[in-house]
Amino acid sequence: MRVLVSEYMTALGIGRDSASPEHGMYREGRAMRDAVVADFAAIPGVEVLESSEEAGDWSLVIAPESDGILSRAVQRVPDLGNKHLGPSPDAIELTSDKLALSQHWREHKVPTPATTDREPTRCEVFPVVWKPQDGAGSTATFKLNSAFDVASAKARLAAENHTGPMILQEFVPGRAASVAFLCGPRGQVPLLPTFQLLSDDGRFKYLGGELPIPPQFAERAVRLGQRAVDCVPGLLGYVGVDLVLGNVADGSNDYAIEINPRLTTSYVGLRALADFNIAEAMLQAAKGEPLDPLRWKPGRVRFGPDGSVQSILAES
């Protein structure tokens, strides 16, 4: 079996320069690519391809959703004669549009913050979050705490040359978390939930994550994440769900934030504790094959967006 791994940022060298504003996304793309390529290469009988011009049996596309980049990259997969190891074009279109996904979730009774496409004014019920409708990597994302932040955020948005559509979203307090699923014809299998580490400067810059998380949080994350993916048709392979877990133990103030219809940086942390090959399980799920029980190693890790993994708690 031949598996093509195509990572957009590294393939084109976008953000390679450490001074580039896209350097953070470049590092994340490189970390995901290196990790999943190593895992596919460890599967007996699998040959890994990294040239987008080579034909394989499956193609795994890693690209930001913004500006339709992921959608366009996936549309090229059938031209190579490959099967896409990821969501359908319709699922990518829905999940890449944060406004459309919010409306879809509300129709299916999935708790998610109130979201609109209007610009913020000085009369909001603060705090609110203002971010791109199709963004990735927390680009052009702002937490507005008061009326004084509105003008400054608009000025910074202009300075960063972001011209795409934006959404305004209710800010919900709590712990940022994520849970990844391996999706296929037999359903969605959750992996270990993680806590997300985000900057506290109001820009929500992604700094990595920690896992595993305490059982009471993990159960809530899986329960809400399952609801979030169950109502979205066409999900396949590895997808990630971003959540906010509130301070109520029964999960009544937990919220689904977005779905990443692709590999996420959490992969590098998950594989450090996985006592199985996640890439192999991803393939099995996509092909509709039954999965063996997913076994995890003891311990606790913190991972960075550059692919670094550090043990932060040893367990016997």
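Numerical summary
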| read-out | value |
| --- | --- |
| Between segment 227-259 and segment 19-37, the alpha-carbon center distance in angstrom | 25 |
| Cα-centre dipole for the chain with unit charges at Cβ (Lys and Arg positive, Asp and Glu negative), debye to 20 | 500 |
| Euclidean distance of C-alpha centroids, segment 162-220 and segment 261-281, integer Å | 15 |
| Normalised per residue, the volume of the convex hull around the Cα set of segment 2-85 (Å³) | 79 |
| Furthest towards positive pole of dipole, Leu85, Ala249, Val222, structure part the chain, Cβ charges | Ala249 |
| Helical contribution to [θ] at 222 nm, DSSP H n ≥ 4, -39,500 (n - 2.57), averaged over the chain, rounded to 500 | -9000 deg cm²/dmol |
| Restricting segment 17-81 to GluC sites (Glu not before Pro) in coil, as DSSP defines it, with at most 15 other Cβ within 10 Å | Glu50, Glu53, Glu54 |
| Unit Cα scatterers, Debye sum, the chain: log10 I(q)/I(0) for q = 0.10, 0.11, 0.14 Å⁻¹ | -0.54, -0.66, -1.11 |
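Values quoted throughout were computed directly from the atomic coordinates according to the rules given, and no laboratory measurement underlies them. Predicted, not measured: the structure shown is a model, and the values here were computed from it. Every residue, glycine among them, receives a Cβ derived from its backbone with ideal geometry; neighbour counts consider all protein chains shown.
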